1. Across segment 191-218, which residue is surrounded by the fewest Cβ atoms within 10 Å (Cβ to Cβ) among those that are in a loop (DSSP other than H, G, I, E, B) and of a type outside the set (D, E, K, R)?
2. Please pick out the residue among D173, D166 that is under 30 Å from G44 (Cβ atoms), without any contact (Cβ under 8 Å) to a residue 24 or more places away in the chain and assigned by TED's automatic domain parsing to the domain that holds Q117.
3. Can you name the strands (runs of 3 or more DSSP E) wholly within segment 66-146 that have at least 1 residues being without any contact (Cβ under 8 Å) to a residue 40 or more places away in the chain?
4. Please determine, by comparing only the residues of segment 236-262 that are assigned to a helix (DSSP H, G or I), of a type outside the set (V, I, T) and touching a helix residue (DSSP H, G or I) at 6+ places or on another chain (Cβ under 9 Å), which one is nearest to E75 (Cα to Cα).
5. Quick check: anything in segment 284-296 within 26 Å of L135 (Cβ to Cβ), in contact with a helix residue (DSSP H, G or I) (Cβ under 7 Å, 6 or more places away or on another chain) and in contact (Cβ under 8 Å) with a residue 60 or more places away in the chain?
6. Which one is farthest from Q117 (Cα to Cα), of the residues in segment 169-179 that are hydrophobic (A, V, I, L, M, F, W, C) and surrounded by fewer than 22 Cβ atoms within 10 Å (Cβ to Cβ)?
7. Kindly list the number of the only condition in (1) in contact with a Lys or Arg (Cβ under 7 Å, 6 or more places away or on another chain); (2) closer than 20 Å to S34 by Cα that fails for V336.
Amino acid sequence: MRFLEAVVSAVHSLRANKLRSFLTLLGIIIAVLSIIAVVTVIQGLNQKVTDLFTGRGADVFEVDKFGAVVTSRSEWQRMQRRPDLTRRDADALKRGARFIEYVSAKLEGSTAVSYRQRRVESMPVQGLGDEYGFLSEFEIARGRHMSPAEVAHNRPAAVVGPDVVDELFRGEDPLGKRIRVGALSFTIVGVARERGSTFGLSQDAFVGIPIGAYQKMFGQRESVTLAVKPADPELLQPAVEEARTILRIRHRLRPGDEDDFGIVTTEGLLRLYRQITTGVYSALVGLVAISLVVGGIVVMNIMLVAVTERTREVGIRKALGARRRDILRQFLIEAVILSALGGLIGVLLGFAVALLISATTPLPSALEWWSVALGLALSSGVGIFFGIWPAMKAARLNPIEALRYE
(Lines give C-alpha, C1' and ligand atoms only; values in the text may rest on other atoms or scores of the structure.)
Protein backbone atom coordinates (compact mmCIF):
# COMPACT_ATOMS: atom_id res chain seq x y z
CA MET A 1 0.00 0.00 0.00
CA ARG A 2 1.44 3.29 -1.08
CA PHE A 3 1.62 6.22 1.34
CA LEU A 4 -1.05 8.27 -0.41
CA GLU A 5 -3.44 5.31 -0.46
CA ALA A 6 -2.80 4.81 3.27
CA VAL A 7 -3.65 8.46 3.92
CA VAL A 8 -6.89 8.24 1.91
CA SER A 9 -7.85 5.04 3.68
CA ALA A 10 -7.14 6.60 7.08
CA VAL A 11 -9.26 9.66 6.26
CA HIS A 12 -12.19 7.47 5.15
CA SER A 13 -11.92 5.44 8.35
CA LEU A 14 -11.89 8.56 10.53
CA ARG A 15 -14.91 10.01 8.70
CA ALA A 16 -16.80 6.78 9.17
CA ASN A 17 -16.38 7.07 12.97
CA LYS A 18 -17.03 10.77 13.53
CA LEU A 19 -17.89 10.66 17.23
CA ARG A 20 -14.88 8.53 18.12
CA SER A 21 -12.62 10.73 16.01
CA PHE A 22 -14.01 13.87 17.67
CA LEU A 23 -13.42 12.52 21.17
CA THR A 24 -9.86 11.63 20.22
CA LEU A 25 -9.34 15.09 18.74
CA LEU A 26 -10.73 16.72 21.87
CA GLY A 27 -7.98 15.37 24.12
CA ILE A 28 -5.22 16.59 21.77
CA ILE A 29 -6.94 19.95 21.19
CA ILE A 30 -7.19 20.69 24.91
CA ALA A 31 -3.58 19.66 25.49
CA VAL A 32 -2.10 21.72 22.64
CA LEU A 33 -4.44 24.65 23.37
CA SER A 34 -3.15 24.79 26.94
CA ILE A 35 0.50 24.63 25.91
CA ILE A 36 0.18 27.27 23.16
CA ALA A 37 -1.83 29.64 25.40
CA VAL A 38 0.74 29.38 28.20
CA VAL A 39 3.77 29.69 25.90
CA THR A 40 2.20 32.64 24.06
CA VAL A 41 1.52 34.52 27.29
CA ILE A 42 5.04 33.75 28.56
CA GLN A 43 6.55 35.04 25.32
CA GLY A 44 4.41 38.16 25.59
CA LEU A 45 5.63 38.74 29.15
CA ASN A 46 9.26 38.24 28.12
CA GLN A 47 8.90 40.64 25.20
CA LYS A 48 7.09 43.25 27.32
CA VAL A 49 9.68 43.10 30.09
CA THR A 50 12.54 43.35 27.58
CA ASP A 51 10.92 46.39 25.91
CA LEU A 52 10.35 47.95 29.32
CA PHE A 53 13.97 47.52 30.43
CA THR A 54 15.47 48.63 27.12
CA GLY A 55 13.14 51.58 26.48
CA ARG A 56 15.92 54.15 26.86
CA GLY A 57 18.60 51.98 25.28
CA ALA A 58 20.45 48.90 26.42
CA ASP A 59 23.50 50.98 27.39
CA VAL A 60 21.70 53.22 29.91
CA PHE A 61 22.16 52.28 33.56
CA GLU A 62 20.73 53.68 36.79
CA VAL A 63 22.26 54.51 40.15
CA ASP A 64 19.98 54.70 43.17
CA LYS A 65 19.91 54.16 46.90
CA PHE A 66 18.69 50.56 46.88
CA GLY A 67 19.73 48.69 43.73
CA ALA A 68 17.71 46.11 41.82
CA VAL A 69 16.10 43.84 44.42
CA VAL A 70 15.47 43.93 48.14
CA THR A 71 14.81 40.39 49.37
CA SER A 72 14.04 40.90 53.07
CA ARG A 73 12.77 43.45 55.56
CA SER A 74 16.11 43.56 57.36
CA GLU A 75 17.88 44.31 54.08
CA TRP A 76 15.36 47.05 53.35
CA GLN A 77 15.96 48.61 56.77
CA ARG A 78 19.73 48.42 56.25
CA MET A 79 19.46 50.14 52.87
CA GLN A 80 17.22 52.82 54.33
CA ARG A 81 20.19 53.88 56.45
CA ARG A 82 22.28 54.54 53.36
CA PRO A 83 22.92 58.21 52.50
CA ASP A 84 20.62 59.76 49.94
CA LEU A 85 21.90 60.37 46.43
CA THR A 86 21.63 64.03 45.45
CA ARG A 87 21.84 66.25 42.41
CA ARG A 88 25.42 67.00 43.44
CA ASP A 89 26.23 63.35 42.80
CA ALA A 90 24.92 63.81 39.26
CA ASP A 91 27.07 66.93 38.85
CA ALA A 92 30.11 65.01 40.11
CA LEU A 93 29.58 62.29 37.51
CA LYS A 94 29.27 64.90 34.75
CA ARG A 95 32.48 66.67 35.80
CA GLY A 96 34.72 63.77 36.68
CA ALA A 97 33.84 61.00 34.23
CA ARG A 98 35.60 60.32 30.93
CA PHE A 99 33.37 57.51 29.67
CA ILE A 100 30.02 59.07 30.61
CA GLU A 101 28.20 61.38 28.19
CA TYR A 102 24.85 62.15 29.87
CA VAL A 103 23.62 62.07 33.48
CA SER A 104 20.14 63.01 34.63
CA ALA A 105 18.67 63.01 38.13
CA LYS A 106 15.04 62.01 38.58
CA LEU A 107 12.45 62.11 41.37
CA GLU A 108 8.92 60.73 41.35
CA GLY A 109 5.85 61.50 43.42
CA SER A 110 2.18 62.32 42.93
CA THR A 111 -0.12 65.27 43.54
CA ALA A 112 -3.30 66.87 42.21
CA VAL A 113 -3.16 68.37 38.70
CA SER A 114 -5.81 70.76 37.40
CA TYR A 115 -6.75 72.90 34.41
CA ARG A 116 -9.53 75.43 34.88
CA GLN A 117 -12.41 73.50 36.49
CA ARG A 118 -11.04 70.05 35.70
CA ARG A 119 -8.92 68.26 38.25
CA VAL A 120 -7.18 64.89 38.57
CA GLU A 121 -6.22 63.72 42.03
CA SER A 122 -2.97 61.87 42.67
CA MET A 123 -1.38 62.26 39.23
CA PRO A 124 2.21 60.89 38.98
CA VAL A 125 4.73 63.75 38.80
CA GLN A 126 8.34 63.39 37.67
CA GLY A 127 11.09 65.82 38.57
CA LEU A 128 13.54 65.67 35.65
CA GLY A 129 17.17 66.74 35.34
CA ASP A 130 18.53 68.99 32.61
CA GLU A 131 19.80 66.13 30.40
CA TYR A 132 16.66 63.99 30.73
CA GLY A 133 15.84 64.48 27.04
CA PHE A 134 18.83 62.32 26.07
CA LEU A 135 17.80 59.61 28.54
CA SER A 136 14.04 59.86 28.42
CA GLU A 137 11.79 56.83 28.65
CA PHE A 138 9.25 58.61 26.44
CA GLU A 139 9.26 60.34 23.07
CA ILE A 140 7.56 63.63 22.27
CA ALA A 141 4.59 63.44 19.89
CA ARG A 142 3.67 67.15 19.91
CA GLY A 143 5.68 70.15 20.97
CA ARG A 144 9.14 69.58 22.46
CA HIS A 145 11.10 68.43 25.48
CA MET A 146 11.92 70.94 28.19
CA SER A 147 15.23 72.58 27.30
CA PRO A 148 18.31 72.14 29.54
CA ALA A 149 18.13 75.86 30.34
CA GLU A 150 14.46 75.59 31.41
CA VAL A 151 15.30 72.71 33.71
CA ALA A 152 18.50 74.26 35.08
CA HIS A 153 16.72 77.53 35.94
CA ASN A 154 13.49 75.90 37.19
CA ARG A 155 11.33 77.58 34.56
CA PRO A 156 7.59 76.75 34.84
CA ALA A 157 7.63 74.34 31.86
CA ALA A 158 6.13 70.85 31.76
CA VAL A 159 5.70 67.86 29.51
CA VAL A 160 2.63 65.66 29.96
CA GLY A 161 1.45 62.19 29.02
CA PRO A 162 -1.55 61.52 26.75
CA ASP A 163 -3.73 60.53 29.71
CA VAL A 164 -3.32 64.01 31.21
CA VAL A 165 -4.44 65.54 27.91
CA ASP A 166 -7.48 63.26 27.77
CA GLU A 167 -8.47 63.99 31.37
CA LEU A 168 -7.94 67.75 31.47
CA PHE A 169 -8.28 69.09 27.94
CA ARG A 170 -10.80 66.80 26.21
CA GLY A 171 -10.14 67.85 22.64
CA GLU A 172 -8.40 71.18 23.28
CA ASP A 173 -4.82 71.72 22.18
CA PRO A 174 -2.78 71.52 25.41
CA LEU A 175 0.39 73.18 24.06
CA GLY A 176 0.94 76.56 25.66
CA LYS A 177 -1.79 76.02 28.26
CA ARG A 178 -1.03 76.49 31.95
CA ILE A 179 -1.85 73.72 34.37
CA ARG A 180 -1.62 73.68 38.13
CA VAL A 181 0.57 70.96 39.62
CA GLY A 182 0.15 70.98 43.36
CA ALA A 183 0.63 74.59 44.42
CA LEU A 184 2.59 75.68 41.31
CA SER A 185 1.63 76.56 37.73
CA PHE A 186 3.40 75.24 34.64
CA THR A 187 3.11 75.82 30.90
CA ILE A 188 2.84 72.69 28.76
CA VAL A 189 5.60 72.61 26.13
CA GLY A 190 5.30 68.99 25.00
CA VAL A 191 3.00 65.97 24.89
CA ALA A 192 4.53 62.49 25.05
CA ARG A 193 3.86 59.78 22.52
CA GLU A 194 1.38 57.14 23.71
CA ARG A 195 3.05 54.07 25.25
CA GLY A 196 0.03 52.16 26.56
CA SER A 197 0.02 50.20 29.79
CA THR A 198 2.36 47.69 31.40
CA PHE A 199 0.72 44.99 33.53
CA GLY A 200 -2.37 47.16 33.90
CA LEU A 201 -0.48 50.35 34.86
CA SER A 202 -0.70 53.22 32.39
CA GLN A 203 2.62 54.61 31.14
CA ASP A 204 0.86 57.71 29.80
CA ALA A 205 -0.35 59.27 33.07
CA PHE A 206 2.39 61.65 34.22
CA VAL A 207 3.54 65.25 34.36
CA GLY A 208 7.24 65.99 33.93
CA ILE A 209 8.60 69.20 35.49
CA PRO A 210 12.09 70.55 36.30
CA ILE A 211 13.63 68.70 39.22
CA GLY A 212 14.25 71.94 41.12
CA ALA A 213 10.56 72.81 40.90
CA TYR A 214 9.73 69.29 42.08
CA GLN A 215 11.97 69.71 45.14
CA LYS A 216 10.43 73.10 45.85
CA MET A 217 7.04 71.41 45.86
CA PHE A 218 7.84 68.18 47.72
CA GLY A 219 10.98 69.09 49.64
CA GLN A 220 14.60 68.04 49.14
CA ARG A 221 14.82 65.17 51.62
CA GLU A 222 14.45 62.43 49.03
CA SER A 223 17.08 60.32 47.29
CA VAL A 224 17.31 60.89 43.56
CA THR A 225 17.74 58.23 40.88
CA LEU A 226 20.54 58.88 38.42
CA ALA A 227 20.17 57.75 34.81
CA VAL A 228 23.57 57.47 33.14
CA LYS A 229 24.50 56.97 29.49
CA PRO A 230 28.08 56.18 28.38
CA ALA A 231 29.69 57.97 25.47
CA ASP A 232 29.61 54.70 23.50
CA PRO A 233 27.66 51.44 24.06
CA GLU A 234 30.99 49.60 24.04
CA LEU A 235 32.05 51.65 27.06
CA LEU A 236 29.17 50.52 29.27
CA GLN A 237 31.26 48.51 31.73
CA PRO A 238 34.06 51.12 32.02
CA ALA A 239 31.36 53.78 32.57
CA VAL A 240 29.77 51.67 35.33
CA GLU A 241 33.11 51.22 37.09
CA GLU A 242 33.91 54.91 36.67
CA ALA A 243 30.57 55.92 38.19
CA ARG A 244 31.15 53.50 41.08
CA THR A 245 34.62 54.93 41.75
CA ILE A 246 33.47 58.56 41.70
CA LEU A 247 30.54 57.91 44.04
CA ARG A 248 32.67 55.86 46.45
CA ILE A 249 35.15 58.73 46.65
CA ARG A 250 32.32 61.24 47.21
CA HIS A 251 30.80 59.06 49.93
CA ARG A 252 34.25 58.55 51.54
CA LEU A 253 34.10 54.76 51.43
CA ARG A 254 37.24 52.81 52.30
CA PRO A 255 38.56 50.00 50.03
CA GLY A 256 36.97 47.23 52.10
CA ASP A 257 33.55 48.92 52.49
CA GLU A 258 30.60 47.82 50.38
CA ASP A 259 28.88 50.31 48.10
CA ASP A 260 26.24 52.44 49.82
CA PHE A 261 24.33 52.77 46.55
CA GLY A 262 23.08 50.41 43.85
CA ILE A 263 23.95 50.29 40.15
CA VAL A 264 21.40 48.65 37.89
CA THR A 265 22.12 47.85 34.24
CA THR A 266 19.63 46.66 31.65
CA GLU A 267 21.47 43.37 31.25
CA GLY A 268 21.46 42.90 35.02
CA LEU A 269 17.70 43.47 35.21
CA LEU A 270 17.05 41.04 32.37
CA ARG A 271 19.34 38.45 33.97
CA LEU A 272 17.53 38.83 37.27
CA TYR A 273 14.16 38.53 35.54
CA ARG A 274 15.27 35.33 33.81
CA GLN A 275 16.59 33.87 37.06
CA ILE A 276 13.29 34.54 38.80
CA THR A 277 10.99 33.38 36.02
CA THR A 278 12.83 30.55 34.23
CA GLY A 279 12.07 27.94 36.88
CA VAL A 280 8.48 29.12 37.28
CA TYR A 281 7.83 29.13 33.54
CA SER A 282 9.45 25.72 33.06
CA ALA A 283 7.34 24.21 35.83
CA LEU A 284 4.21 25.80 34.39
CA VAL A 285 4.87 24.45 30.89
CA GLY A 286 5.73 21.05 32.37
CA LEU A 287 2.45 20.90 34.27
CA VAL A 288 0.48 21.87 31.18
CA ALA A 289 2.39 19.28 29.11
CA ILE A 290 0.94 16.55 31.31
CA SER A 291 -2.35 17.14 29.49
CA LEU A 292 -0.56 16.19 26.27
CA VAL A 293 0.36 12.81 27.77
CA VAL A 294 -3.29 12.35 28.77
CA GLY A 295 -4.30 13.20 25.20
CA GLY A 296 -1.83 10.63 23.91
CA ILE A 297 -3.29 7.96 26.17
CA VAL A 298 -6.73 8.79 24.76
CA VAL A 299 -5.35 8.34 21.24
CA MET A 300 -3.88 4.96 22.15
CA ASN A 301 -7.10 3.75 23.78
CA ILE A 302 -9.24 4.84 20.85
CA MET A 303 -6.86 3.22 18.36
CA LEU A 304 -6.89 -0.04 20.34
CA VAL A 305 -10.68 -0.01 20.15
CA ALA A 306 -10.44 0.65 16.41
CA VAL A 307 -8.07 -2.30 15.95
CA THR A 308 -10.47 -4.59 17.82
CA GLU A 309 -13.47 -3.42 15.80
CA ARG A 310 -11.62 -3.80 12.49
CA THR A 311 -10.00 -7.17 13.12
CA ARG A 312 -11.96 -8.80 10.30
CA GLU A 313 -11.04 -5.94 7.95
CA VAL A 314 -7.35 -6.50 8.76
CA GLY A 315 -7.77 -10.22 8.04
CA ILE A 316 -9.32 -9.49 4.63
CA ARG A 317 -6.53 -7.04 3.76
CA LYS A 318 -3.88 -9.57 4.69
CA ALA A 319 -5.69 -12.31 2.73
CA LEU A 320 -5.58 -9.99 -0.31
CA GLY A 321 -1.82 -9.54 0.02
CA ALA A 322 -1.34 -6.67 2.46
CA ARG A 323 1.95 -6.94 4.32
CA ARG A 324 2.61 -6.23 7.98
CA ARG A 325 4.15 -2.88 7.22
CA ASP A 326 1.09 -1.88 5.15
CA ILE A 327 -1.22 -2.54 8.11
CA LEU A 328 1.22 -0.84 10.48
CA ARG A 329 1.42 2.19 8.20
CA GLN A 330 -2.37 2.43 7.83
CA PHE A 331 -3.13 2.53 11.57
CA LEU A 332 -0.12 4.70 12.37
CA ILE A 333 -1.15 7.25 9.75
CA GLU A 334 -4.63 7.36 11.26
CA ALA A 335 -3.17 8.15 14.67
CA VAL A 336 -0.83 10.82 13.27
CA ILE A 337 -3.59 12.47 11.21
CA LEU A 338 -5.84 12.61 14.26
CA SER A 339 -3.10 14.05 16.45
CA ALA A 340 -1.83 16.55 13.87
CA LEU A 341 -5.36 17.80 13.13
CA GLY A 342 -5.98 18.14 16.86
CA GLY A 343 -2.67 19.97 17.18
CA LEU A 344 -3.55 22.43 14.39
CA ILE A 345 -6.94 23.21 15.92
CA GLY A 346 -5.31 23.45 19.36
CA VAL A 347 -2.73 25.97 18.07
CA LEU A 348 -5.44 28.20 16.60
CA LEU A 349 -7.62 28.00 19.70
CA GLY A 350 -4.60 28.46 21.99
CA PHE A 351 -3.66 31.66 20.20
CA ALA A 352 -7.28 32.83 20.40
CA VAL A 353 -7.34 32.14 24.14
CA ALA A 354 -4.05 34.03 24.59
CA LEU A 355 -5.51 37.04 22.72
CA LEU A 356 -8.61 36.86 24.90
CA ILE A 357 -6.43 36.82 28.02
CA SER A 358 -4.53 39.86 26.73
CA ALA A 359 -7.77 41.69 25.97
CA THR A 360 -9.32 41.05 29.39
CA THR A 361 -6.26 41.09 31.69
CA PRO A 362 -2.97 43.04 31.94
CA LEU A 363 -1.05 39.99 30.65
CA PRO A 364 0.43 40.48 27.14
CA SER A 365 0.77 37.77 24.50
CA ALA A 366 3.09 37.14 21.56
CA LEU A 367 2.78 34.25 19.11
CA GLU A 368 6.16 33.01 17.88
CA TRP A 369 6.47 30.78 14.80
CA TRP A 370 8.50 28.25 16.76
CA SER A 371 5.64 27.77 19.24
CA VAL A 372 3.32 26.87 16.34
CA ALA A 373 5.89 24.43 15.01
CA LEU A 374 6.35 23.06 18.53
CA GLY A 375 2.62 22.49 18.96
CA LEU A 376 2.31 20.66 15.65
CA ALA A 377 5.48 18.64 16.25
CA LEU A 378 4.38 17.62 19.74
CA SER A 379 0.92 16.58 18.62
CA SER A 380 2.31 14.57 15.68
CA GLY A 381 4.91 13.02 17.95
CA VAL A 382 2.18 12.00 20.37
CA GLY A 383 0.32 10.35 17.49
CA ILE A 384 3.40 8.35 16.53
CA PHE A 385 4.42 7.44 20.10
CA PHE A 386 0.99 6.42 21.34
CA GLY A 387 -0.20 5.05 18.02
CA ILE A 388 2.68 2.67 17.45
CA TRP A 389 1.45 -0.01 19.88
CA PRO A 390 -2.10 -0.26 18.43
CA ALA A 391 -0.62 -0.25 14.90
CA MET A 392 1.85 -3.04 15.78
CA LYS A 393 -0.96 -5.03 17.38
CA ALA A 394 -2.98 -4.77 14.15
CA ALA A 395 0.04 -5.69 12.02
CA ARG A 396 0.70 -8.85 14.08
CA LEU A 397 -2.83 -10.23 13.71
CA ASN A 398 -2.98 -13.72 12.24
CA PRO A 399 -5.05 -13.42 9.03
CA ILE A 400 -6.87 -16.74 9.59
CA GLU A 401 -7.83 -15.85 13.15
CA ALA A 402 -8.75 -12.35 12.03
CA LEU A 403 -11.12 -13.66 9.34
CA ARG A 404 -12.89 -15.81 11.95
CA TYR A 405 -13.37 -12.81 14.27
CA GLU A 406 -16.99 -11.68 14.67
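1. G200
2. After ruling out the rest, the residue left standing is D166.
3. Answer list for segment 66-146: 100-115, 118-128.
4. L247
5. No, segment 284-296 contains no residue that is within 26 Å of L135 (Cβ to Cβ), in contact with a helix residue (DSSP H, G or I) (Cβ under 7 Å, 6 or more places away or on another chain) and in contact (Cβ under 8 Å) with a residue 60 or more places away in the chain.
6. L175
7. (1)
Yes/no per residue for (1) at pLDDT 75 or above; (2) of a type in the set (F, W, Y); (3) touching a strand residue (DSSP E or B) at 6+ places or on another chain (Cβ under 9 Å); (4) more than 16 Å from A31 (Cβ to Cβ):
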{"position": "G350", "(1), (2), (3), (4)": "yes, no, no, no"}
{"position": "L355", "(1), (2), (3), (4)": "yes, no, no, yes"}
{"position": "P362", "(1), (2), (3), (4)": "no, no, yes, yes"}
{"position": "L378", "(1), (2), (3), (4)": "yes, no, no, no"}
{"position": "G387", "(1), (2), (3), (4)": "no, no, no, no"}
{"position": "L403", "(1), (2), (3), (4)": "no, no, no, yes"}
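The values are calculated or read from the model by the stated rules, or taken from the named source; none is laboratory data. None of the values given here were measured: they were computed from a predicted structure. Virtual Cβ from ideal backbone geometry, glycine too; neighbours counted across all protein chains shown.
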